[in-house]
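The structure under discussion is supplied below as C-alpha cells; questions concerning it will follow.
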Amino acid sequence: MQNFRSVKHPAIIQIRGAVDDETYELIKKIVEKTCEEFVFEKIKKGMDIYISDVNEARVAISKIKKIANNIEIKTSTKYAGLRMGRVRTLFVYCLRFG
C-alpha cells in the first residue's frame, strides 16, 4: 500500500554544452537504469530529460558526474501546482559540460 502522504516531485535534467553523441548515449543508459518514468527530448541546445521523481533524478545526476570530468551543475525550482493539498515543486537541474 502506497503512503498517501508521499508526493512525488517531478524533475528536469537539462544537458547543455559540448557533448558528443557517445556521452549522450551513456547519459541515456544511466537514466534508463536509474529512473522508472522518464522522457527524453532532443532540443537545439542539447537535451532535456523529464523524470517523474526528483530522488531518482538526483541518483542519475550523481552517476552522470562520475563519467564527466568538467561539469557544472545549477539547480532551480519552479511552482508546479497542488496535489493532495500539498504544493508540488518542479526541480530543474542544468548540467553544463565544458
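The values are calculated or read from the model by the stated rules, or taken from the named source; none is laboratory data. Every value quoted in this text rests on a predicted model; they were computed, and no experiment measured them. A quick note on method: Cβ atoms are made from the backbone with ideal geometry, for glycine too, and the neighbour counts reach across all protein chains shown.
Which numbered condition trips up Val19, out of (1) without any contact (Cβ under 8 Å) to a residue 12 or more places away in the chain; (2) part of a loop (DSSP other than H, G, I, E, B); (3) among the hydrophobic types (A, V, I, L, M, F, W, C)?
Looking at each condition in turn, Val19 falls short on (1).
Further question: Would you confirm whether any residue within the range 76-91 is at pLDDT 95 or above and either among the hydroxyl-bearing types (Ser, Thr, Tyr) or farther than 18 Å from His9 by Cα (or both)?
Scanning the range 76-91 turns up at least one residue that is at pLDDT 95 or above and either among the hydroxyl-bearing types (Ser, Thr, Tyr) or farther than 18 Å from His9 by Cα (or both).
OK, next. For Ala68, state whether it is closer than 16 Å to Ile15 by Cβ, more than 9 Å from the chain's Cα centre (by Cα) and modelled with pLDDT under 95.
It is true that Ala68 is closer than 16 Å to Ile15 by Cβ, more than 9 Å from the chain's Cα centre (by Cα) and modelled with pLDDT under 95.
State whether one or more residues within the range 58-69 are out of contact with any Gly (no Cβ under 8 Å at 6 or more places or on another chain), part of a loop (DSSP other than H, G, I, E, B) and over 14 Å from Leu95 (Cα atoms).
Scanning the range 58-69, I find no residue that is out of contact with any Gly (no Cβ under 8 Å at 6 or more places or on another chain), part of a loop (DSSP other than H, G, I, E, B) and over 14 Å from Leu95 (Cα atoms), so the answer is no.
Somewhere in the range 34-50, is a residue touching a His at 6+ places or on another chain (Cβ under 6 Å) and closer than 24 Å to Arg88 by Cα?
Within the range 34-50, not a single residue is touching a His at 6+ places or on another chain (Cβ under 6 Å) and closer than 24 Å to Arg88 by Cα.
Note down all Cβ pairs under 9 Å where the first residue falls in the range 22-47 and is closer than 17 Å to Ile64 by Cβ and in a helix (DSSP H, G or I), the second is among the hydroxyl-bearing types (Ser, Thr, Tyr) and at pLDDT 95 or above, and they're at least six residues apart or on different chains.
none
Results for (1) surrounded by 11 or more Cβ atoms within 10 Å (Cβ to Cβ); (2) out of contact with any helix residue (DSSP H, G or I) (no Cβ under 9 Å at 6 or more places or on another chain), shown as yes or no for each residue.
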{"site": "Lys8", "(1), (2)": "yes, no"}
{"site": "Glu22", "(1), (2)": "no, yes"}
{"site": "Val54", "(1), (2)": "yes, yes"}
{"site": "Ile71", "(1), (2)": "yes, no"}
{"site": "Gly81", "(1), (2)": "no, yes"}
{"site": "Val92", "(1), (2)": "yes, yes"}
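Val19: under 16 Å from Lys66 (Cβ atoms) and at pLDDT below 90, yes or no?
yes
Related question: For Lys78, state whether it is more than 12 Å from the chain's Cα centre (by Cα), charged (D, E, K, R) and assigned to a strand (DSSP E or B).
yes
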